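First up is the structure itself, then whatever we jot down about it.
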Amino acid sequence: MIESKKSLFEYVVYDSENEEKFAKSFESNNSVKLYAKLPDWFKIPTPLGSYNPDWAVLIEVDGKDKLYFVLETKKNIMFDELRLKERAKIECGKKHFEALGTEVTLEDIDSFEEFMEEKVVL
């Protein structure tokens, strides 16, 4: 676990080396306002079963707050190599938030740097 100033808790528990890197990156990036490692009970419903993202992160983009659910933060993940059902759950989760019409999105990523480059103009 690492000490946290931007999480909901004083310490963040991580499950892997890559999750540790994400937590440290969330802590050190000025655009990240708040983040949380999501508990196992936090589920996004899909027609194929529930899905549990790894993180929720609130980022300031162009002066506005944007909430992302980040999942599959496993080093060297390749989307095409995920099992078919897992890929389908991710796509259902994305569609779930699109249908809600909110500013919340679901992202499947494995690199904090790529995520920030895509979401935040540096």
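Listed conditions (1) closer than 15 Å to residue 32 by Cβ; (2) modelled with pLDDT of 75 or more; (3) in a helix (DSSP H, G or I) are all met by residue 88, apart from (1). At pLDDT below 85, basic (Lys, Arg) and within 21 Å of residue 116 (Cβ to Cβ): is that true of residue 33 in this structure? No: the conditions fail for residue 33. Residues in the range 91-111 that are part of a helix (DSSP H, G or I) and either within 25 Å of residue 25 (Cα to Cα) or not small (Gly, Ala, Ser) (or both): 91, 92, 93, 94, 95, 96, 97, 98, 100.
Taking the criterion of being over 24 Å from residue 11 (Cβ atoms) and either assigned to a strand (DSSP E or B) or modelled with pLDDT of 80 or more (or both), the only residue of the range 66-78 that qualifies is 66. The listed residues are 60, 81, and the only one of them that is acidic (Asp, Glu) and modelled with pLDDT of 75 or more turns out to be 60. Summed over the range 37-61, residues that are closer than 16 Å to residue 115 by Cβ and over 10 Å from the mean Cα position of the chain (by Cα) total 3. Look at the range 26-51: where a residue is small (Gly, Ala, Ser) and a partner is assigned to a strand (DSSP E or B), sitting 6+ places away or on another chain with Cβ atoms under 7 Å, you get 31/59; 31/60; 36/7; 36/55; 36/56; 50/44. Condition first: surrounded by 13 or more Cβ atoms within 10 Å (Cβ to Cβ), at pLDDT 80 or above and in a helix (DSSP H, G or I). Can you find one or more residues in the range 5-19 that meet it? Yes: one or more hits.
The values are calculated or read from the model by the stated rules, or taken from the named source; none is laboratory data. For clarity, every value in this text was computed on a predicted model and none was experimentally measured. For neighbour counting, all protein chains shown are included, and Cβ atoms are generated from backbone atoms with ideal geometry for every residue, glycine included.
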